[in-house]
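A.B. asks: Have a look at the structure that comes next, please.
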Amino acid sequence: MIYCGKNILSTLIFSLILLEAVGQRVPLDSISKIRIDAPTAKDTAFGIKAKKVVPKTIYNFLFRDIYNSTTSGNTISEIEENPHKVFEGRWIRKIYVHSADVFGYSVYDTLRGPDNWLDRTGNRFHRSTREWVIRDNFLFFEEGDLIEPEKIKDNERYLRQQGIFHDVRIVIIPYKNAKDAVEVHVYTQDVWSLLPDGSASGLNNFSIGLEQRNFQGLGHSLKNSIAYNANEPRQRLEYSGRYIIPSYRKTFITGQGILNLQRDQKQLGFKVFRPFLTPEMKYAGSIEAGYNDLRLFEFTTDTLTGRSVRNYFWSQYVLFDAWVGRSFKIFFGNDQLRERARFVVALRHSRQTFYNRGKAVTDSTNQLFQNTRPTLFSFGFSNRRYKRDLLIYGFGRTEDVPLGEMAAFIYGSDPAELGTRKYVGLKFSKARYMKAGYLYSLVNLGTYFKGGTTEQGVFSTENNYFTPLHNLGQRWYARHFLNVKFGWGFNRFQNEYFNISGNEGIQGISSDELRGTRKLVVGVESVFFSPINFLGFRMAPFVFSNLGWTSFKGEPLLTTRPFHGYGIGFRFRNENLTFNTFQVRLSIYSGIPDIGQPFRAGFEGVTPLRLKDFDISAPEIIPFR
């Protein structure tokens, strides 16, 4: 599918990430030394030529740095561990909210503003976030409260996570007439929130959509899309809609409604939820209800060729899911541990009732579609804190890197249609910065027990590592990533399997041949942040290599030839827009049957990755993916 709105932006390729730091490697614990500089005409030959033929106003708009640079020295403000600690215990006399528009502003330079007509014109077509919305819905503190440094820092992180702000900065200023009072200034800079989408091959086959991620400056997300195909016998007209209210007043409760009327999916759903946003929050939970009518598929074996054949069928079911959790302060450890760590207990009940399952459900066939109503209990420990960093998955915005550990024990019972069974699960994850980089590790183990045997069991591990930022000279920087995933499913149901194609392993392909109940995937990627900027789009070349193995029960995992994928590519992103990152990729594959041409070229939008957190939410069945 070709997306018209995205294609317009994809012609505005090239971006600038200019970082200056002392030494060939930028230590992660010295991120405050990093600078992001605006480019000059000497940065690239392309820039020199452009300046000769493009009027000055347009040139400055096309090639200047639009991110966190300041007017004096073009430096990014220092990213301190927590600058609010010196004000701990003082009371808040007044709160000021400063909501800046998209273009020309910066939370690191409050005097900066749009300096050309193109910036000002762009801002006129954007409704900036209303200041009362930020004050009444997204702040963890009020006037009269005492300053809690960790709460202020958590609030900055929470605001950045909303997806409607390019960046956020909270500044505390002493009040001159009272030594124990302060004034708090909340600075936010919006991102462009309107996302057009669509494609067309004629008047009888087209789609059009519009998403507004900050509807009328209220912080709400509204998405509507329609598609029409006159030659489709099943359903000519399709509709998809979604509305999200991210926070209701200061309850921090999010509401969401979904309506899909598509050929392969009919869905109506509502969800209200409140996560553990900070360690200070005592209660969390959610309630969800929905109806789903899905076109699914299963694999059968062709009796003549012995190969797998994909068969489609429809399934309708009703889902109800609810959980509630309570956190408790710990009573041991040092002051930092007691401040950030919590014990969490949670209870969850869900029901999934099917009305159409294609064929009968028995102990040996179609077990995935049995009616279930599990009740799960979990007890866990969570210790989470965050370090602010740059140039990991973002292209210049502030990124909050989770640090800490999490452990949880899950126990439950499911009086399912095929018989009552018990569930036991264990989860553990840990992440930390080292001199050699950042390492995140996750271990999962879970299984049902029925009649003295295990059922739908899984053991999985995941390890994600990235290096410190390396200075390559000439304002080029690099970071290298290593990801290792291992999964072992035991006594899984029919048609349950891992598939390591796409984002789960071998990038850039989708193949039914990369299936199994066991998997091992190793991925390596190097990303190079370049001194190129065009209309705020920054470019990052990358190279990658993926290796993967899969097998079914009774087959050895590592004795077969692995699946290979190698490639190079270029990513482009404007952090002032809510569009996905654009990616051009050239790949070559080997060891993968039935993919045709081993050389592939692709242009696609990719959702920016997020670092995994350590909050404990709903008790869950360990996912098999």
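The values are calculated or read from the model by the stated rules, or taken from the named source; none is laboratory data. This structure is a prediction, so every number in the text was calculated from the model and none was measured. With ideal geometry, Cβ positions are generated from the backbone for all residues, glycine too; neighbour counts draw on all protein chains shown.
A.B. asks: Restricting the search to region 238-274, which residues are assigned to a loop (DSSP other than H, G, I, E, B), at negative phi, crowded, with 18+ Cβ neighbours inside 10 Å and not hydroxyl-bearing (Ser, Thr, Tyr)?
C.D. replies: Pass one, region 238-274, residues assigned to a loop (DSSP other than H, G, I, E, B): 246-253, 262-264.
Cutting the leftovers down to at negative phi gives us 246-248, 250-251, 253, 262-264.
Then drop every residue that is not crowded, with 18+ Cβ neighbours inside 10 Å, which leaves 246-247.
Within region 238-274, Pro246 is the sole residue that qualifies.
A.B. asks: Turning to a different aspect of this structure: Within region 366-400, can you find the residues that are modelled with pLDDT of 85 or more and among the hydroxyl-bearing types (Ser, Thr, Tyr)?
C.D. replies: Correct list: Thr372, Thr375, Ser378, Ser382, Tyr386, Tyr393.
A.B. asks: Considering region 540-565 alone, what residues qualify as being assigned to a loop (DSSP other than H, G, I, E, B) and not small (Gly, Ala, Ser)?
C.D. replies: Phe552, Lys553, Glu555, Pro556, Leu557, Leu558, Thr559, Thr560, Arg561, Pro562
A.B. asks: Picking from Ser501, Ser511, which residue would you name as being of a type in the set (Gly, Ala, Ser), closer than 28 Å to Pro593 by Cβ, touching a strand residue (DSSP E or B) at 6+ places or on another chain (Cβ under 6 Å) and modelled with pLDDT under 95?
C.D. replies: On the way: Ser501 fails: touching a strand residue (DSSP E or B) at 6+ places or on another chain (Cβ under 6 Å).
The match here is Ser511.
A.B. asks: Then there is this: Can you find, within region 347-359, the residue that is modelled with the lowest pLDDT among those that are over 15 Å from Tyr423 (Cα atoms) and not hydroxyl-bearing (Ser, Thr, Tyr)?
C.D. replies: At the first step, the residues of region 347-359 found to be over 15 Å from Tyr423 (Cα atoms) are 351-359.
Applying the additional criterion that residues be not hydroxyl-bearing (Ser, Thr, Tyr) yields 351-352, 354, 356-359.
Numbers: Arg351: 95, Gln352: 95, Phe354: 92, Asn356: 83, Arg357: 81, Gly358: 72, Lys359: 78.
Out of the qualifying residues, it is Gly358.
A.B. asks: Oh, and also: Can you tell me which residue in region 346-397 is surrounded by the fewest Cβ atoms within 10 Å (Cβ to Cβ), limited to those that are among the aromatic types (Phe, Trp, Tyr) and outside any strand (DSSP E or B)? It would help to see each step written out before you state the result.
C.D. replies: Step one: of region 346-397, the residues among the aromatic types (Phe, Trp, Tyr) are 354-355, 369, 377, 379, 381, 386, 393, 395.
Next cut, outside any strand (DSSP E or B) only: 369, 393, 395.
Values: Phe369: 22, Tyr393: 16, Phe395: 24.
Here the residue is Tyr393.
A.B. asks: Moving on. Do any residues in region 330-348 that are closer than 16 Å to Ala407 by Cα have Cβ atoms under 6 Å from those of residues that are of a type in the set (Lys, Arg) and modelled with pLDDT under 90, where the two are at least six apart or on different chains, and which pairs are they?
C.D. replies: As it stands, the answer is Ile330/Arg338; Arg340/Arg385, since those pairs meet every condition given.
A.B. asks: Any residue at all in region 550-559 that is surrounded by 14 or more Cβ atoms within 10 Å (Cβ to Cβ), of a type in the set (S, T, N, Q) and modelled with pLDDT of 90 or more?
C.D. replies: Yes, some residue in region 550-559 is surrounded by 14 or more Cβ atoms within 10 Å (Cβ to Cβ), of a type in the set (S, T, N, Q) and modelled with pLDDT of 90 or more.
A.B. asks: Please work out which one of (1) in contact (Cβ under 8 Å) with a residue 24 or more places away in the chain; (2) in a strand (DSSP E or B); (3) under 30 Å from Lys271 (Cβ atoms); (4) not aliphatic (A, V, I, L, M) is the condition Phe299 fails and give its number.
C.D. replies: Phe299 satisfies all of (1) in contact (Cβ under 8 Å) with a residue 24 or more places away in the chain; (2) in a strand (DSSP E or B); (3) under 30 Å from Lys271 (Cβ atoms); (4) not aliphatic (A, V, I, L, M) except (3).
A.B. asks: Still on this structure, please answer the following. As an exercise: evaluate Asp197 against (1) under 21 Å from Val107 (Cβ atoms); (2) in contact (Cβ under 8 Å) with a residue 60 or more places away in the chain; (3) not small (Gly, Ala, Ser) and give the number of the one condition it does not meet.
C.D. replies: Tallying (1) under 21 Å from Val107 (Cβ atoms); (2) in contact (Cβ under 8 Å) with a residue 60 or more places away in the chain; (3) not small (Gly, Ala, Ser), Asp197 fails exactly one: (1).
A.B. asks: Are any residues in region 404-434 touching a residue at least 60 places away in the same chain (Cβ under 8 Å) and closer than 30 Å to Arg538 by Cα, and if so, which ones?
C.D. replies: Let us first name the residues in region 404-434 that are touching a residue at least 60 places away in the same chain (Cβ under 8 Å), namely 404-406, 408, 410, 412, 423, 425, 427, 429, 431, 433.
Within region 404-434, Ala431, Tyr433 qualify.
A.B. asks: Taking Val584 and the conditions (1) among the aliphatic types (A, V, I, L, M); (2) surrounded by fewer than 18 Cβ atoms within 10 Å (Cβ to Cβ); (3) farther than 30 Å from Asp119 by Cα, which numbered condition does it fall short on, given that it satisfies the others?
C.D. replies: For Val584, the exception is condition (3).
A.B. asks: Taking region 409-434, which residues are of a type in the set (A, V, I, L, M), buried (at least 21 other Cβ atoms within 10 Å of the Cβ) and under 20 Å from Val345 (Cα atoms)? Steps first, please.
C.D. replies: Initial filter on region 409-434 (of a type in the set (A, V, I, L, M)): 410, 416, 418, 424, 426, 431, 434.
Narrowing the set further to residues that are buried (at least 21 other Cβ atoms within 10 Å of the Cβ) leaves 410, 431.
Listed by number, the list holds a single entry, Ile410.
A.B. asks: If only one of Gly202, Gly198, Gly241, Gly219 is under 30 Å from Ile616 (Cβ atoms) and small (Gly, Ala, Ser), which one is it?
C.D. replies: The conditions single out Gly219.
A.B. asks: Only residues that are of a type in the set (Gly, Ala, Ser), crowded, with 18+ Cβ neighbours inside 10 Å and in contact with a helix residue (DSSP H, G or I) (Cβ under 9 Å, 6 or more places away or on another chain): list them for region 95-139, please.
C.D. replies: Ser99, Gly104 - these are the residues of region 95-139 that are of a type in the set (Gly, Ala, Ser), crowded, with 18+ Cβ neighbours inside 10 Å and in contact with a helix residue (DSSP H, G or I) (Cβ under 9 Å, 6 or more places away or on another chain).
A.B. asks: Here is a check on your reading of the model: is Leu294 at pLDDT 95 or above, in a strand (DSSP E or B), among the aliphatic types (A, V, I, L, M) and closer than 30 Å to Leu514 by Cβ? If you could, list the steps in order and put the result at the bottom.
C.D. replies: Values: at pLDDT 95 or above: no; in a strand (DSSP E or B): yes; among the aliphatic types (A, V, I, L, M): yes; closer than 30 Å to Leu514 by Cβ: yes.
No, not satisfied.
A.B. asks: Right, here's the next one. Quick check on my filter: what residues within region 566-611 are in a strand (DSSP E or B), touching a Ser or Thr at 6+ places or on another chain (Cβ under 6 Å) and not aromatic (Phe, Trp, Tyr)?
C.D. replies: Hits for region 566-611 are Gly567, Arg571, Arg573, Arg600, Val606.
A.B. asks: Here are some residues: Leu547, Leu514. Which one is more than 30 Å from Asp101 (Cβ to Cβ), surrounded by 21 or more Cβ atoms within 10 Å (Cβ to Cβ), aliphatic (A, V, I, L, M) and touching a residue at least 12 places away in the same chain (Cβ under 8 Å)?
C.D. replies: On the way: Leu547 fails: surrounded by 21 or more Cβ atoms within 10 Å (Cβ to Cβ).
From the options Leu547, Leu514, the qualifying one is Leu514.
Let's see how each residue does on (1) surrounded by fewer than 16 Cβ atoms within 10 Å (Cβ to Cβ); (2) in contact with a Pro (Cβ under 7 Å, 6 or more places away or on another chain); (3) closer than 25 Å to Ala431 by Cβ; (4) of a type in the set (Lys, Arg):
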site: Asp293; (1), (2), (3), (4): no, no, no, no
site: Phe328; (1), (2), (3), (4): yes, no, yes, no
site: Phe331; (1), (2), (3), (4): yes, no, yes, no
site: Arg338; (1), (2), (3), (4): yes, no, yes, yes
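A.B. asks: For region 190-228, which positions are in a strand (DSSP E or B), under 17 Å from Gly122 (Cα atoms) and not polar (S, T, N, Q)? Walk me through it before giving the result.
C.D. replies: Looking only at region 190-228, we keep the residues that are in a strand (DSSP E or B), and these are 190, 192, 194-202, 205-215, 220-228.
From what's left, under 17 Å from Gly122 (Cα atoms): 190, 192, 194-196, 212-215.
Within region 190-228, Asp190, Trp192, Leu194, Leu195, Pro196, Arg213, Phe215 meet the criteria.
A.B. asks: Considering every residue within region 375-384, establish whether at least one is touching a His at 6+ places or on another chain (Cβ under 6 Å) and without any contact (Cβ under 8 Å) to a residue 40 or more places away in the chain.
C.D. replies: Let us first name the residues in region 375-384 that are touching a His at 6+ places or on another chain (Cβ under 6 Å), namely 375.
From the residues that got through so far, the ones that are without any contact (Cβ under 8 Å) to a residue 40 or more places away in the chain too are 375.
Yes, there is a match, as at least one residue in region 375-384 is touching a His at 6+ places or on another chain (Cβ under 6 Å) and without any contact (Cβ under 8 Å) to a residue 40 or more places away in the chain.
A.B. asks: Taking region 435-447 only, how many residues are within 21 Å of the chain's Cα centre (by Cα) and either among the charged types (D, E, K, R) or crowded, with 21+ Cβ neighbours inside 10 Å (or both)?
C.D. replies: 1
A.B. asks: Among the strands (runs of 3 or more DSSP E) lying completely within region 419-521, list those that include at least 2 residues that are under 26 Å from Glu604 (Cβ atoms) and among the basic types (Lys, Arg).
C.D. replies: 476-490
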